[in-house]
Amino acid sequence: LNGSLRIGDGVGGAATNNALSVEDGGTVNVTSGSTIIGTLAGDNGNQLRVTGGGSSYNTAGTITVGSAGSNNLLAIDDGGTVTAGSVSVGDTSTLRVGSGGSLAAASLTLSGGAFTEVAFCPGYARGLAMIGNHAVIGLSRARETRTFQGLVLDAELERRDGEARTGLIVVNLET
């Protein structure tokens, strides 16, 4: 595709519940321009879904998810991949990368600076596996040599009056 791709761009009126699904090994390449998923007020519930092994959505431009609309979604699951120059997510829209999905972007902007912590990991993350709607995270403590000193984890553990641990954490991503 040469030019911008708009999913749910309600110029002249609200555009709701529009979707583009890239699946079963399909590929969409946007060679110039941007991707816009629900940008105007009233452009709600629009989606770009990339799912399944070998499925990909590629652009050197920006993917904007709901800059003014709400409940818009970029979902990357089950081996799907999205590559973009940048991704920008509006206050009331969602970027979901789960179940083996992959996102490669030079920058990620969350409007309003919103970030929701799903779980705190009291150790150095050493591995991640996705099993359905669960993330299994391997943790380890720092070595005696304190190779990794002064990281954000140290300050957060001190704030929480905790210490680094070794083990596995299972996180339910739906709750």
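The values are calculated or read from the model by the stated rules, or taken from the named source; none is laboratory data. Everything numeric here is computed off the predicted structure, so don't read it as measured data. Ideal geometry is used to build each Cβ from the backbone, glycine not excepted, and the neighbour counts take in all protein chains shown. For the accessible areas, the whole protein counts, side chains as well, though only heavy atoms, and no ligand, DNA or RNA atoms are used. Shrake-Rupley method; radii C 1.70, N 1.55, O 1.52, S 1.80 Å.
The residues listed here are Leu151, Leu168, Leu103; of these, the one that is more than 29 Å from Thr39 (Cα to Cα) and at pLDDT 85 or above is Leu168.
For every residue, the table says whether it meets (1) of a type in the set (A, V, I, L, M); (2) closer than 19 Å to Leu173 by Cβ; (3) modelled with pLDDT of 90 or more.
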residue	(1), (2), (3)
Thr35	no, no, yes
Gly61	no, no, yes
Ser67	no, no, no
Val82	yes, yes, yes
Leu108	yes, yes, no
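Taken as a whole, the condition of being open to solvent by 40 Å² or more (accessible area, probe 1.4 Å) and in contact with a Phe, Trp or Tyr (Cβ under 8 Å, 6 or more places away or on another chain) does not apply to Thr92. Would you mind stating whether Gly123 is at pLDDT 85 or above, over 30 Å from Tyr57 (Cα atoms) and of a type outside the set (A, V, I, L, M, F, W, C)? Spelling it out, it is not the case that Gly123 is at pLDDT 85 or above, over 30 Å from Tyr57 (Cα atoms) and of a type outside the set (A, V, I, L, M, F, W, C). Of everything listed in (1) touching a residue at least 24 places away in the same chain (Cβ under 8 Å); (2) outside any loop (DSSP other than H, G, I, E, B), the single unmet condition for Arg96 is (1).
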